[in-house]
Protein chains: 2
Amino acid sequence: MRAYVQIKPEDNVAIAVQELPQGTELMPGVVTLSVIPQAHKIALVDILKDGAIIRYGVILGYAIDPIAKGQWINEHMLRLPTPPSLDDMPFGTNLRTDLPEPPVRTWMGYRNPEGGYGGTRNFLGIQTTVQCVEGTLNVATERIRRELLPKYPHVDDVVAINHAYGCGVAINAPEAKVPIRALRNICHHPNFGGQLMVVSLGCEKLTADMLVGPENNTPENVVVLQECRGFEGCMQAILTMAEKKLKILNERRREELPLSDLLIGMQCGGSDAFSGVSANPSAGYAADMIVQGGGTVLFSEVTEVRDGVHFIAERCVSAEVRDKLAAEMRWYDNYLSEANVDRSANPTPGNKKGGLSNIVEKAMGSIAKSGTSPIVEVLSPAERPTKHGEIFAATPASDIVCGPCQMASGIGLQVFMTGRGTPYNLAAVPVIKVCSRNELKEQWPDIIDISAGAVATGEKTIAEVGTEIFNKIIACASGQDQPFAEKYGMHNYLCIFNPAPIT
Amino acid sequence: MRAYVQIKPEDNVAIAVQELPQGTELMPGVVTLSVIPQAHKIALVDILKDGAIIRYGVILGYAIDPIAKGQWINEHMLRLPTPPSLDDMPFGTNLRTDLPEPPVRTWMGYRNPEGGYGGTRNFLGIQTTVQCVEGTLNVATERIRRELLPKYPHVDDVVAINHAYGCGVAINAPEAKVPIRALRNICHHPNFGGQLMVVSLGCEKLTADMLVGPENNTPENVVVLQECRGFEGCMQAILTMAEKKLKILNERRREELPLSDLLIGMQCGGSDAFSGVSANPSAGYAADMIVQGGGTVLFSEVTEVRDGVHFIAERCVSAEVRDKLAAEMRWYDNYLSEANVDRSANPTPGNKKGGLSNIVEKAMGSIAKSGTSPIVEVLSPAERPTKHGEIFAATPASDIVCGPCQMASGIGLQVFMTGRGTPYNLAAVPVIKVCSRNELKEQWPDIIDISAGAVATGEKTIAEVGTEIFNKIIACASGQDQPFAEKYGMHNYLCIFNPAPIT
């Protein structure tokens, strides 16, 4: 097992694979001057005051004070560089074509009756226009699960799409288009099999017309609670409609579909300095395999790619894609600056404990999960893809907000890389968890699905763990396997991104 | 039953108690020129173009075109007046002292071991630092409810305080103080009996230290999932701590407490033009009784009082209270204008269908629920009161956001007035629902707890329905009665007000 990881020959820092005692000779002439915590950085050369600290071949920041060879470098010791300019970024200068071949080119999915990407699960999704109906719907959902679902064994579950949007919001604000688009697109998620079912209150700002279109706002698809007679009337209206939809959904069967019908999302959360070494590049390798097989992969998290945006631009297939990338970055720069927040708001304390000094270092690791393939499209938050291949889907980096955005874009499955460990999951989209260090897999053997820790220690290659992740994706998407969190029925409330004010 | 309601003699409009056919003679010389929908306004005199439209004795707006006597006035026919100035508002000019006497001066509550207002329920509240833990905590909560709660019959329930805050947020943004204050104060809600229990992940931005203070961040109070061994380890850690807390909570008993130990909140949602005539003034009467008995009542919803703010200022007991009122209004004016939103974002389509033409008319009805007593304090969102009496607690008007803010302020019970009907409820605080029209009570007999419709029709007085509401408050606060929504176990997800960006 190796003691340190140096990513690029030009790097003047390495990270410790395990905690290193003081006095450890890492390489000839480099001796640790103090204990180095696991995943933290060690200076490989003397660095002058204001000298560049280089990892991944990029400048993470500048030394606030001189740093000696062998010294531990923590987050207090470097100053953030200015973020890369968004003007005239070169594009198309790094379009890789020799992607790894996937072991299989099909999976077992549910054909999408609305066209487009296939489903990975067969759920009755119950949409809501407004959070006011949530309490009533949750009681009804429990009854559906208990009284109706056992009669329809080919339906996996019923999922209530509760959310905090819909009323008490500035529905005509310029940015209201983001949450509205998200909720509209979630109605047509492939896992809901084209069956629309909406529970509405009747006096909310986000009307059923706005949510599903006037053509779908019919008594067959929409229950209006204010038109029901009492509590039992609400229950009966919901249960009656649910049973009609369940009957149709129960006829669905999995069939062999090409990889071009598979849409998955990549996300990371609770990252550490290994994330960019082990888990994220391995996930990126799996992403490259999916793309090579004709499938589509989204990666996201604007604030976590902002500092490496030129590495994404160089993979963009056209000026149009590059321009949309720059526009999404500008939108977020502005969103943060209007609230007097800067990009130092990310990383988290846990990231820092995990050795990530600042957002530049985090970004370099974060981008690794996108693999290396050409970027064919850039999406605004919660937009649906129109291309196949690798796509940057702009979203906040917050795990619980990125997930619902990608879900609105239609992902059938998410792969989630973590260094510190988080049990996050979505009710309607299974989430596979990949950890960056073996210690986390040992700590959470029955929460983490795959460990990429052996890549960090040098015992496995990125290709080996990447193939393992690819196979897990296919098995879980095909319903032959389940991530742990899905087995336990753990999932998070759906946080819809709303950049507009509430009223 | 009367056909129309004219509030003040100087009003030049009245509202229809029932739908009125064309040609109905309302009063000598006033004949309806068209069908007037229920709750909508009728011109009592000819109004010139740009003439004032007056209800509640205040100018709702100015006629865009001339309006004829007997004509229906809808929301398209009037132009909003400019909002009242916040500078140098007169205060203390309307300090009423002849408040109605409450029928009782005590209630049966749980004494607060931390001091301050008493509890209305005996819950194990499990706080969370971050939404990442929610899926795990929900599985654990179900197990607590099934495996542990039956052994502790004096504990009413276990409530997981899940929320969307805690990470992926700009935790150092100037406005982050609002959600952090809300979550900190919820930890000490009187219904949780002074027992702190926190589930944390371990790498989040909102640390357990920030949530409960370093002095309470101990292994006795805080489970850190990243320190647990696997899924079952997480379950055991949560269940073990929960059982210790349940044992202590199980010793609590209700006792006779003075009204000065009662803190309730008033809110309205899905309002119509009757809300300001029947439900809200009746609730205001009950509020006055509670204040007269020494208790404390919060009312809220900044955007819904903004246009009548001078009616609140004149009830403020000091310049200091008046100044904080103005400051809270200015904060919100600025919050909306920064996002290019104006106050026309409120009312909702349902409000308008219910006859409320604009935010001025809605505000006049909304303020009525505060009663008439002197205003002794103004709170920023989620602050805790330091005075007894009537208090303006600034919050958004969104039902699902106002409720959690008032809960953070410590209310033991909420009274919720509605015209259109909404089944909203909170898990930790029972919500009594009062409707403005008899039709809604007929439509939802087992969701609406009290109808104030008889006030609208003239069959009951505000004092009669107000006393009914007061008695219901005491019975529900004392655990002798339950609102319908609490019986069904319906409640909404806790939406914490976060005016700062997510990252």
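The values are calculated or read from the model by the stated rules, or taken from the named source; none is laboratory data. Please read these numbers as outputs of a predicted model, since none were measured by experiment. FYI the Cβ positions are ideal-geometry reconstructions off the backbone, even for glycines, and counts take in every protein chain you see.
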Given (1) over 18 Å from B:Pro499 (Cβ atoms); (2) surrounded by 24 or more Cβ atoms within 10 Å (Cβ to Cβ); (3) away from chain A (no Cβ under 13 Å), index of the condition B:Ala408 fails: (1)
The range A:482-496 - residue that is more than 7 Å from chain B (Cβ to nearest Cβ) and in contact with a strand residue (DSSP E or B) (Cβ under 7 Å, 6 or more places away or on another chain) and, of those, nearest to B:Phe497 (Cα to Cα): A:Leu494
Filter result for A:Met364 (farther than 30 Å from A:Pro501 by Cα, more than 10 Å from every other protein chain (Cβ to nearest Cβ) and not polar (S, T, N, Q)): yes
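Condition check ((1) at positive phi; (2) free of Cβ contacts under 8 Å to residues at least 12 places away in the same chain; (3) of a type in the set (Phe, Trp, Tyr); (4) not in a strand (DSSP E or B)) across all residues:
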position: A:Asp50; (1), (2), (3), (4): yes, no, no, yes
position: A:Ile59; (1), (2), (3), (4): no, no, no, no
position: A:Asp65; (1), (2), (3), (4): no, no, no, yes
position: A:His76; (1), (2), (3), (4): no, no, no, yes
position: A:Thr82; (1), (2), (3), (4): no, yes, no, yes
position: A:Leu86; (1), (2), (3), (4): no, no, no, yes
Residue within the range B:101-117 that is of a type in the set (Lys, Arg), part of a loop (DSSP other than H, G, I, E, B) and at pLDDT 95 or above present: yes
Filter result for B:Leu137 (in contact with a Ser or Thr (Cβ under 7 Å, 6 or more places away or on another chain), over 30 Å from B:Asp307 (Cβ atoms) and in the same structural domain as B:Lys205 (by TED's automatic domain parsing)): yes
Complete set of residues in the range B:194-246 that are part of a loop (DSSP other than H, G, I, E, B), in contact with a strand residue (DSSP E or B) (Cβ under 9 Å, 6 or more places away or on another chain), more than 8 Å from chain A (Cβ to nearest Cβ) and polar (S, T, N, Q): B:Gln195, B:Asn216, B:Asn217, B:Asn221
Breaking point among (1) crowded, with 24+ Cβ neighbours inside 10 Å; (2) closer than 30 Å to A:Ala427 by Cβ, for A:Gly294: (1)
Any hit, the range B:156-171, residues being β-branched (Val, Ile, Thr), modelled with pLDDT under 95 and either in the same structural domain as B:Ala287 (by TED's automatic domain parsing) or assigned to a strand (DSSP E or B) (or both): yes
Condition met for A:Gly269 (in contact with a Phe, Trp or Tyr (Cβ under 9 Å, 6 or more places away or on another chain), more than 11 Å from chain B (Cβ to nearest Cβ) and at pLDDT below 95): no
Helices (runs of 4 or more DSSP H) completely within the range B:441-503 that count 2 or more residues being in contact (Cβ under 8 Å) with a residue 40 or more places away in the chain, within 19 Å of A:Val139 (Cβ to Cβ) and in contact with a Leu (Cβ under 7 Å, 6 or more places away or on another chain): none
Selection within the range B:336-348 - under 20 Å from the mean Cα position of the chain (by Cα) and within 7 Å of chain A (Cβ to nearest Cβ): B:Ala345, B:Asn346, B:Thr348
Answer from A:Lys460, A:Lys433 - the residue that is assigned by TED's automatic domain parsing to the domain that holds A:Lys324, basic (Lys, Arg) and touching a Phe, Trp or Tyr at 6+ places or on another chain (Cβ under 9 Å): A:Lys433
Residue count for the range A:27-40, restricted to those that are crowded, with 20+ Cβ neighbours inside 10 Å and free of Cβ contacts under 8 Å to residues at least 60 places away in the same chain: 2
Odd one out for A:Thr395 among (1) free of Cβ contacts under 8 Å to residues at least 24 places away in the same chain; (2) buried (at least 24 other Cβ atoms within 10 Å of the Cβ); (3) of a type in the set (Ser, Thr, Tyr): (1)
Candidate set: the range B:142-152, residues that are touching a residue at least 24 places away in the same chain (Cβ under 8 Å) and assigned to a helix (DSSP H, G or I); chosen: the one nearest to the other protein chains (Cβ to nearest Cβ): B:Arg143
Meets criteria (within 14 Å of another protein chain (Cβ to nearest Cβ), within 24 Å of B:Ala408 (Cα to Cα), at pLDDT below 95 and out of contact with any His (no Cβ under 7 Å at 6 or more places or on another chain)) for B:Asp333: yes
Options A:Ser337, A:Ser318: the member that is in contact (Cβ under 8 Å) with a residue 60 or more places away in the chain, in the same structural domain as A:Gly403 (by TED's automatic domain parsing) and among the hydroxyl-bearing types (Ser, Thr, Tyr): A:Ser318
Lone qualifier among B:Gly421, B:Gly355 - being within 11 Å of another protein chain (Cβ to nearest Cβ) and at positive phi: B:Gly421
Selection count, the range A:170-193, where residues are among the polar types (S, T, N, Q) and within 14 Å of chain B (Cβ to nearest Cβ): 1
